[in-house]
Structure formats: structure tokens, C-alpha cells
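Input: a single structure, listed below in C-alpha cells.
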Amino acid sequence: MSMVTLRIQRFNPEADAAPVYREYTVEVDPTDRVLDTLNAVKWYQDGTLTYRRSCAHGVCGSDAMRINGVNRLACKVLMRDVGAQVTVEPLMGFRVIKDLVVDMEPFFAQFRSVLPFFINDARPPERERLQSVEDRERFDDTTKCILCAACTTSCPSFWANEDFVGPAAIVNAHRFIFDTRDAAAAERLEILNDREGVWRCRTIFNCTEACPREIKITKAIGEVKKAILYGTARA
Amino acid sequence: MAGYETVEHDVLVIGAGGAGLRAAIAAAAEGVSVGLVCKSLLGKAHTVMAEGGAAAAMGNVDDRDSWKVHFADTMRGGQYLNNWRMAELHAQEAPDRVRELEAWGALFDRTPDGRILQRNFGGHRYPRLAHVGDRTGLEMIRTLQDHGIHQGIDVHMEVTVLTLLRDGDRVTGAFGYDRERGRFRLFRAGAVVLATGGIGRAYKITSNSWEYTGDGHALAYHAGAALMDMEFVQFHPTGMVWPPSVRGILVTEGVRGEGGVLINSEGRRFMFDDIPENYRGQTADDAEEGWRYTQGDKDARRPPELLTRDHVARCIVREVREGRGSPHGGVYLDIAWIAQKLPDAKAHIRKKLPSMYHQFKQLAEIDITSEPMEVGPTTHYMMGGIRVDGDTQMSTVPGLFAAGECAAGLHGANRLGGNSLSDLLVFGKRAGESAARFARENRASTVDEAALEAAAREALAPFDRGTEGEGAYQVQHDLQEMMQDLVGIVRREDEMERALEGLAALNERAARVGVTGNREYNPGWHTALDLPNLLTVSEAITRSALDRKESRGGHFRDDFPEKDAAFSTFNTVIRKGEGGRMELGREPIPPLPPHLAQIVEENR
């Protein structure tokens with residue numbers, strides 16, 4: 001066990017005009033996660049400390065936050081990897097509701113704007129549609145997204161322009177654009193060809209580095225750009 | 001009273017995991033207006049964590065499979081306490097529900113000829129689990145969420161329901177609050193579907209997410225509905241045991257499906273030592289046959305690691321108790337050994353079990369492609385729940401429906417892996433359709449203002465006590481410790497009697513909990529309001545477990561270690577009785593109709 005200092009950005013909409021930083025000293029095991037340490041503060045020091053978390057397994061994507069300035073999932077970062085002085089702040093670019101909780105609605109709106117649902121009006125066959133192992137593999141990577149927003153809120157293009165659709169929405173469009181069963185690739189490509197679409201991406205790679213699922217986001221965005229230029233996702 | 005906002009829907013679905021989403025989609029497809037309440041953000045529900053797959057007798061990998069074999073497997077796994085009508089419908093309809101997901105764009109792993117691939121799982125005679133690597137739940141949630149997005153379902157995110165509204169006997173809506181602002185919201189509805197999942201947060205070691213506080217169980221109970229089979233809690237045999245911060249996190253059964261074996265500290269593959277009589281004919285004679293089974297040899301029988309979860313969990317507990325456990329109180333689960341069998345085993349493991357690989361690498365610094373994992377039982381699933389009609393999913397209270405984990409019946413005394421994802425698809429759809437039909441004939445009715453007033457007052461009481469009251473987390477942690485110790489995987493009468501006394505004391509403490517701060521997004525307050533639900537389900541579990549003086553499925557009694565035929569004829573039922581006391585009864589199980597009895601017989 002050792003002592004660490006957690007410096008947490010706090011904001012209470014009832015009491016604070018602007019966010020403030022508060023420090024908490026917590027005894028931790030090196031194998032504790034940042035989420036465990038936040039829990040320790042909440043359970044034993046201040047029951048009003050607020051952050052989202054659901055599964056605590058790195059699958060639901062609720063607890064993305066800035067840990068020492070980098071977007072991470074708090075349930076997947078061990079204390080021994082962050083040092084004895086840890087700064088925890090909410091994701092950048094969205095309104096802070098309270099403490100580490102941000103308003104995710106603009107993020108979900110970006111997601112919804114790319115038609116993130118399967119479109120194919122042809123009658124499905126009696127049994128399942130066939131799809132070859134290779135065709136299925138083509139969009140495997142982008143189906144791993146957990147909508148945690150770590151990518152979008154690490155993107156300088158998004159910081160500069162909040163109308164930019166953002167990497168997460170493009171990732172979720174990619175999974176349909178490159179699915180051989182889907183029939184609306186052209187529509188999605190047109191949406192992403194907008195001035196707030198893929199061309200705002202400057203291939204900075206922050207998103208790829210931030211992704212807790214190790215999705216090759218910049219590559220996926222590149223594939224979408226290419227598909228727009230060549231007019232097809234199937235080439 | 002405190003102000004509230006009112007919304008009205010034909011059907012209100014409480015819970016937005018797989019069952020709730022599927023119910024909402026089904027109700028919307030019937031043309032009624034639908035409201036969907038999520039305790040967290042949409043798409044974060046517990047279903048997202050499901051790894052293995054959805055069990056459905058599609059016969060894509062082994063064409064000997066059929067709904068009849070799936071039915072027989074489910075009944076055997078549930079020790080014949082199952083609601084057989086539900087087991088029948090589930091086995092018959094699961095293939096269509098999985099294909100429907102595929103038609104809505106869900107990704108699945110595929111066979112070489114492009115059909116949905118199916119994998120082996122415990123208690124299933126044939127490879128039956130449709131899956132996507134080890135992230136099937138995530139894909140299922142996303143597909144349902146995406147499909148529901150453009151169906152006109154109103155989603156109420158980060159809303160917690162406090163109580164159900166009643167008009168006479170009928171349920172006509174719900175009353176709750178939104179977490180962001182802490183303001184009350186009244187939902188008027190013609191019918192309500194509960195799809196709130198499980199109760200795992202009543203225990204210290206659990207694979208369940210924080211939302212799993214038995215809300216639906218408790219809401220239904222207080223609305224007068226019967227709960228059933230509450231003694232049957234599934235302890236999944238393989239949770240992580242080290243480091244302490246991640247104790248309880250699930251290690252998918254898929255590891256064993258891919259050939260992983262359980263080893264004790266003496267290096268012995270102990271699962272071969274104890275094979276239950278009714279599974280002997282289906283279990284491999286030796287390690288070689290077991291390996292061939294996992295590699296798809298149709299003539300081979302399954303390895304004992306793929307026996308049902310209740311049995312595997314008890315064998316692990318036995319090894320640990322008798323001093324043959326691993327350093328941190330578990331046993332070893334080894335998948336790395338398959339390097340003896342496969343040329344590129346490391347790559348194979350990473351491809352088949354990517355989430356497991358990363359989970360152990362990141363959280364335990366274990367490389368599962370070269371070292372064994374340490375695993376032990378973790379509270380995973382609630383077989384018991386709201387007693388429902390097998391066809392309509394209506395509870396014993398008109399207008400109140402239940403689907404998924406919070407409903408009881410399908411799984412009997414023990415659930416087979418993979419049967420929960422198919423459960424929530426089959427019965428989510430049925431519940432949504434039934435609720436829509438009910439709502440068309442029964443409108444929302446007048447609201448009892450006095451009841452709302454009382455609910456609001458009670459919800460705000462912890463603020464009045466402020467710092468003078470005890471913190472909610474201390475009470476919750478003490479409850480979790482106690483349930484783990486006294487009503488856990490191995491149970492005894494004297495310990496459970498002590499648990500009842502402990503619950504009485506915890507109830508008194510819960511009534512005195514205080515919270516500080518404001519109503520805006522206040523987690524201490526949220527926990528204070530979860531407590532009564534946790535206490536209600538804990539009492540139901542303990543009373544039911546005391547009454548069942550035998551060992552069966554997920555329920556193991558140290559003082560009655562054998563199965564007793566006298567206990568095979570009824571389900572334990574819990575109701576709220578006169579004066580608010582919890583009452584226990586036994587409901588006889590109707591005999592299997594001849595056509596189902598014949599299927600069971602043919603698959604002995």
C-alpha cells in the first residue's frame with residue numbers, strides 16, 4: 001500500500017461558478033485501478049463525488065475521463081502506471097454537468113447523424129444472409145467501438161470546431177459502409193463528405209492513441225476518405 | 001409536494017439492456033407509443049458485458065441439433081424446476097430471434113460457407129452459441145440500440161424508478177427521478193415492462209455492474225407481484241481472483257469452450273474426479289476425447305470443464321476448501337496448454353479470446369497465451385425473479401410484465417451459459433407485444449397524488465438527516481459482506497438465520513441513512529435509494545434458501561448436500577403479505593405435457 005494524491009476537477013452546478021480542483025489523499029495498492037481510487041474517495045471521503053461507471057470491465061465505455069491529461073477509461077488504468085500525483089478531469093469539449101460527468105448528448109447526436117443503423121430494404125432470406133469470413137473481417141475493427149468518446153474528445157479538430165462530426169461517428173459509419181450486407185453506403189458517404197465530415201480530420205492520430213479498444217481509427221477514417229474520392233466502398 | 005414532470009406512454013419499459021430494448025422494439029412495432037427508461041446512458045447496460053454468445057438451435061455447425069435437444073438441455077440444466085412452457089418457447093423461437101438480429105445488421109462470426117458460426121458451451125449438447133469473438137453482448141446491445149434509434153422510442157436516460165403506480169390491482173405507470181437534476185418524473189402508462197436485470201450488487205464478489213441492485217424485483221414485489229425461485233443465484237465458476245481490485249470480473253466460459261482446462265495446485269485436472277450421474281453419458285472419458293470435442297469432433301463428448309456452472313463452481317470451492325487452491329484462493333484455468341496441440345496456439349488464443357487476453361494483460365499482468373489464469377466463483381446471475389405467464393410474460397399483477405434476468409422461470413435451478421442472451425431476445429419480444437396489446441385495451445388512469453407525495457417524501461428523507469445519518473455506502477458494503485459470507489455459494493441454516501437477523505439490523509440502518517450535497521447528480525443519494533431494493537431481494541433470497549432443505553442447481557446446502565425428490569415438485573414463491581411482511585409459499589409445478597415429457601425421455 002502507498003499514499004497517492006488525487007487532484008480532481010470538481011464542479012457543482014448549484015454552488016460553483018467555475019470548476020475547482022480539490023485534492024484527496026488515498027491509500028492504494030499498485031494494482032488498484034483509477035476507478036477503485038475514485039470509489040475510495042466517494043465511499044469514504046466525499047459521497048457527492050460524481051462520475052459515470054457501469055460495467056467496470058472496459059466494455060460499456062462509461063468512465064472515459066482525462067487522467068494526467070490523457071483520455072483513458074478509469075477502469076482500465078492501474079495506479080502504478082500513473083504515479084503518486086494523479087490529476088483527473090472530465091473529457092474536453094462537452095459541457096460539464098457535475099464533477100467528471102459531461103453532457104453526452106452532442107456526442108450521441110453526432111453518432112445519430114451518420115445513420116448508425118443497418119439499411120437494406122431487400123427481404124432477408126428465410127435463414128440468415130450469408131457473409132464470407134473475409135467480408136465479415138473487413139469491418140471487424142470498427143465494430144469494437146464502445147462509444148466512450150475518448151477519441152472524439154482528444155481530437156484537436158473537434159476542439160477547434162464542435163460541429164465536426166468527430167472520429168467516433170466516422171468509426172460507426174465505417175462499420176456499415178464496409179459491411180457487404182448494407183445498402184446505404186452512398187448515403188453515409190455523402191453525409192461524411194460534408195464540410196463538417198471526414199475532411200476536418202487532419203490525421204493527427206490522437207484518436208487512435210486514445211482508443212481503449214485499440215481500434216485503428218485514423219486508418220478507418222482514411223478508408224472512408226478514399227471511398228468518398230473513388231465513389232465506392234467496395235473497390 | 002415537490003414538483004414533478006409528467007410523461008405519458010402506452011407502454012413504459014423500465015431497463016434498457018437486451019430484454020428492455022427488445023421489448024421496446026416489439027411494442028413500437030405494434031404501433032403504440034413507447035417510453036424506455038435507462039438507469040444509465042443508453043447502450044451501457046449490463047448485457048454489453050456478455051461474452052460467450054446466444055444459444056439457439058440453428059444447427060449451423062452440427063445439424064443434429066434441434067429445438068428439442070435445446071429444450072431438453074435447458075430442462076436438465078435447470079433440474080426440472082423450469083417453467084417448461086418458457087423452455088419450450090425459448091428453444092423454438094431462439095433461432096428466429098438470432099436471425100432477426102442478423103437481418104438488422106448484427107455482426108456474427110461465420111462458418112467457412114458464410115453462415116452464423118456456433119460455439120460449444122457448458123451443458124449444451126451441440127455447438128449452439130451464435131457469437132462475435134468474445135464481445136457478443138456489445139454487438140447485441142449496439143444492434144438493438146441502432147435498430148431502436150429510428151423507431152420513435154422515447155428514451156429517458158439516467159432515470160431511476162422509485163415505485164410503480166397502481167389503480168386498483170392494475171399497474172398504470174411509474175414514478176422516479178432523473179439523476180442529472182434530481183427532479184421527479186411521473187410516467188403514466190397503459191402497461192409496464194420490467195427489464196431491470198439482476199441482483200449481483202447484493203454480494204461482495206460479483207461480475208455484475210453497479211446497476212444490478214434488484215430494482216425490478218423490488219418494484220414488482222411492492223406492487224403485489226409474486227417472486228419465484230429466489231434461492232437460485234448463479235455463481236459463475238470463473239471470475240478473476242487477483243489482484244483484489246478486479247476480483248469477481250468475469251472470465252468467459254468461452255475459454256473452456258476453446259479447450260481451457262481447470263487445474264488445482266497439485267497440477268491435477270480435478271473436474272474428471274466428480275461427474276454427476278445425469279451427465280455421465282455425455283462427458284468425455286479422458287483429456288484426449290475432451291480436446292477433440294472442443295475442436296469440433298462430432299464423435300467426441302464434452303470435457304468435464306463444460307459441465308453446468310453450478311457443478312463446476314462447487315468443484316472449485318471443494319478444491320480450495322481442501323487446500324488444493326491457488327495462492328489467492330482460486331484454481332488455475334489454463335488455455336496456454338493448447339500449444340501442445342496447435343502450431344500457432346498463441347495467435348489462435350488472441351484471435352478467439354481477444355477481450356480475455358487484454359483483460360489479463362492489463363489488469364493482472366498475465367499473458368494467457370503462456371501462463372494459466374487464477375479463477376474462482378463470482379456472483380453472476382439471478383435465476384429467480386418475477387413470476388410470469390410463460391406465453392405473455394405478464395406477472396401476477398395485471399398490466400405488469402417482466403422479461404430477461406428479472407423474470408423467473410426459464411432457467412429453473414441453474415441457467416446454461418448462452419441461454420440468457422437468447423432469453424432476452426425471445427421473451428423481450430413477447431413481453432413487448434403482450435404489453436402493447438394490454439395497453440391498447442387499458443389506458444393510463446388517474447394518479448393517486450397521495451401515493452406520489454409519500455414516495456417523494458420518502459425519497460428526499462435522506463437529505464433531511466444529512467450528516468447526522470450514516471452514509472449509504474457503509475450500509476451497502478456491510479450488506480454485501482454479509483450476503484457473501486452467510487448466503488453465498490455454500491449455505492447453512494444457522495448462518496442464514498443469522499443473515500435474517502443481520503438484514504433486520506441493516507434495514508434499520510438503511511432507514512436512518514443521510515446524504516449531503518444537492519439533488520443534482522448525487523451518487524450518495526442514488527445509493528441510499530438503491531438500498532431498500534437490495535435489502536428486499538436479499539431477504540427474499542435468504543428466506544427462499546432457508547426453506548429449500550436440499551441442494552439443487554445454484555442452491556447448495558452444506559447441511560442438506562443431496563438432492564431431495566420431495567423438493568422437485570414446487571417453486572418457492574415470495575409475496576408481500578399483510579402488514580408488509582414477506583410471506584413464503586410453495587407453488588406446485590404442473591406436470592410436463594406428454595409431448596415435452598417424451599422429448600425429455602428421448603434425450604436422457
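The values are calculated or read from the model by the stated rules, or taken from the named source; none is laboratory data. Not measured: the values here are computed from a predicted model. Neighbour counts run over all protein chains shown; Cβ positions are idealised from the backbone, glycine included. With ligands, DNA and RNA removed, areas are computed over all heavy atoms of the protein, side chains included. Shrake-Rupley method; radii C 1.70, N 1.55, O 1.52, S 1.80 Å.
Just a few scattered comments:
- Qualifying residue in segment B:460-469 (condition: part of a loop (DSSP other than H, G, I, E, B) and either surrounded by 19 or more Cβ atoms within 10 Å (Cβ to Cβ) or not assigned by TED's automatic domain parsing to the domain that holds B:GLN151 (or both)): yes
- Looking only at segment A:123-141, and only at residues there that are touching a residue at least 40 places away in the same chain (Cβ under 8 Å) and closer than 23 Å to A:PRO167 by Cβ, the one that is nearest to the other protein chains (Cβ to nearest Cβ): A:PHE139
- Of all residues in segment A:142-156, those being away from chain B (no Cβ under 14 Å) and either aromatic (Phe, Trp, Tyr) or assigned to a loop (DSSP other than H, G, I, E, B) (or both) number 3.
- Here is the figure for segment B:98-122: residues that are closer than 16 Å to B:ASP63 by Cα and either touching a residue at least 40 places away in the same chain (Cβ under 8 Å) or open to solvent by 10 Å² or more (accessible area, probe 1.4 Å) (or both) total 10.
- Listed by first and then second residue, the pairs with beta-carbon distance under 8 Å, at least 6 apart or on different chains, first residue in segment B:266-280 and under 17 Å from B:TRP291 (Cα atoms), second open to solvent by 60 Å² or more (accessible area, probe 1.4 Å), are B:PHE272/B:ASP286.
- Scanning segment B:197-244 for residues that are in contact (Cβ under 8 Å) with a residue 60 or more places away in the chain and in a helix (DSSP H, G or I) yields B:GLY200, B:ARG201, B:ALA202, B:ASP215, B:GLY216, B:HIS217, B:ALA218, B:LEU219, B:ALA220, B:TYR221, B:HIS222.
- Extreme residue, nearest to B:GLY330 (Cα to Cα), among residues of segment B:258-296 that are small (Gly, Ala, Ser) and open to solvent by 10 Å² or more (accessible area, probe 1.4 Å): B:SER265
- Picking from residues in segment A:33-62 that are over 22 Å from B:MET356 (Cα atoms) and part of a helix (DSSP H, G or I), the one that is nearest to the other protein chains (Cβ to nearest Cβ) is A:TRP43.
- Flag for B:ALA16 being in the same structural domain as B:LEU144 (by TED's automatic domain parsing) and more than 20 Å from B:PHE175 (Cα to Cα): no
- Within segment A:8-32, considering residues that are assigned to a strand (DSSP E or B) and within 23 Å of the chain's Cα centre (by Cα), the one farthest from B:VAL475 (Cα to Cα): A:GLN9
- Here B:GLY35 does not fit the description of being within 14 Å of chain A (Cβ to nearest Cβ), open to solvent by less than 20 Å² (accessible area, probe 1.4 Å) and either modelled with pLDDT of 95 or more or in a loop (DSSP other than H, G, I, E, B) (or both).
- For segment B:132-164, filtered to residues that are away from every other protein chain (no Cβ under 13 Å) and buried (at least 24 other Cβ atoms within 10 Å of the Cβ), the residue that is farthest from B:TYR177 (Cα to Cα) is B:LEU164.
- There is no residue in segment B:400-415 that is surrounded by fewer than 23 Cβ atoms within 10 Å (Cβ to Cβ), acidic (Asp, Glu) and in a helix (DSSP H, G or I).
- Residues of segment B:376-394 that are open to solvent by 10 Å² or more (accessible area, probe 1.4 Å) and over 21 Å from B:VAL246 (Cα atoms): B:ARG387, B:VAL388, B:ASP389, B:ASP391, B:THR392, B:MET394.
- Count of residues meeting criterion [facing chain B (nearest Cβ under 8 Å) and open to solvent by 20 Å² or more (accessible area, probe 1.4 Å)] in segment A:63-83: 1
- Criterion: surrounded by fewer than 21 Cβ atoms within 10 Å (Cβ to Cβ) and touching a residue at least 40 places away in the same chain (Cβ under 8 Å) - qualifying residue of B:ASN533, B:ASN522, B:ASN571, B:ASN518: B:ASN518
- Residue tally, condition open to solvent by 40 Å² or more (accessible area, probe 1.4 Å) and in contact (Cβ under 8 Å) with a residue 24 or more places away in the chain, over segment B:591-603: 2
- Complete set of residues in segment A:12-33 that are open to solvent by 30 Å² or more (accessible area, probe 1.4 Å), in contact with a strand residue (DSSP E or B) (Cβ under 7 Å, 6 or more places away or on another chain) and closer than 23 Å to A:VAL102 by Cβ: A:ASN12, A:PRO13, A:PRO19, A:VAL20, A:TYR21, A:ARG22, A:GLU23
- Test for A:LEU100: is it closer than 20 Å to A:ALA220 by Cβ, of a type in the set (A, V, I, L, M) and either more than 8 Å from chain B (Cβ to nearest Cβ) or open to solvent by 10 Å² or more (accessible area, probe 1.4 Å) (or both): no
- If the condition is being surrounded by fewer than 24 Cβ atoms within 10 Å (Cβ to Cβ), in a helix (DSSP H, G or I) and touching a Gly at 6+ places or on another chain (Cβ under 9 Å), then segment B:48-87 contributes B:MET75, B:ARG76, B:ARG85.
- Qualifying residue in segment B:307-326 (condition: among the hydroxyl-bearing types (Ser, Thr, Tyr), part of a helix (DSSP H, G or I) and surrounded by 23 or more Cβ atoms within 10 Å (Cβ to Cβ)): no
- Count of residues meeting criterion [closer than 16 Å to A:ARG72 by Cβ and either of a type in the set (Val, Ile, Thr) or within 13 Å of chain B (Cβ to nearest Cβ) (or both)] in segment A:9-30: 0
Listed here are the residues, each with its yes/no results for (1) out of contact with any strand residue (DSSP E or B) (no Cβ under 6 Å at 6 or more places or on another chain); (2) of a type in the set (Lys, Arg).
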| site | (1), (2) |
| --- | --- |
| B:ALA504 | yes, no |
| B:TRP525 | yes, no |
| B:ALA566 | yes, no |
| B:ILE574 | no, no |
| B:ARG586 | no, yes |
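- Residues of segment B:179-197 satisfying the condition of being within 13 Å of another protein chain (Cβ to nearest Cβ) and either open to solvent by less than 10 Å² (accessible area, probe 1.4 Å) or within 25 Å of the chain's Cα centre (by Cα) (or both): B:ARG179, B:GLY182, B:GLY197
- Condition check for B:ARG491: open to solvent by less than 10 Å² (accessible area, probe 1.4 Å), under 30 Å from B:GLY254 (Cβ atoms) and among the basic types (Lys, Arg): yes
- If you go through segment B:139-165 and pick out every residue that is in contact with a strand residue (DSSP E or B) (Cβ under 8 Å, 6 or more places away or on another chain) and without any contact (Cβ under 8 Å) to a residue 60 or more places away in the chain, you end up with 0.
- Residue check for A:ALA40: among the aliphatic types (A, V, I, L, M), under 23 Å from the mean Cα position of the chain (by Cα) and farther than 19 Å from A:VAL96 by Cβ: no
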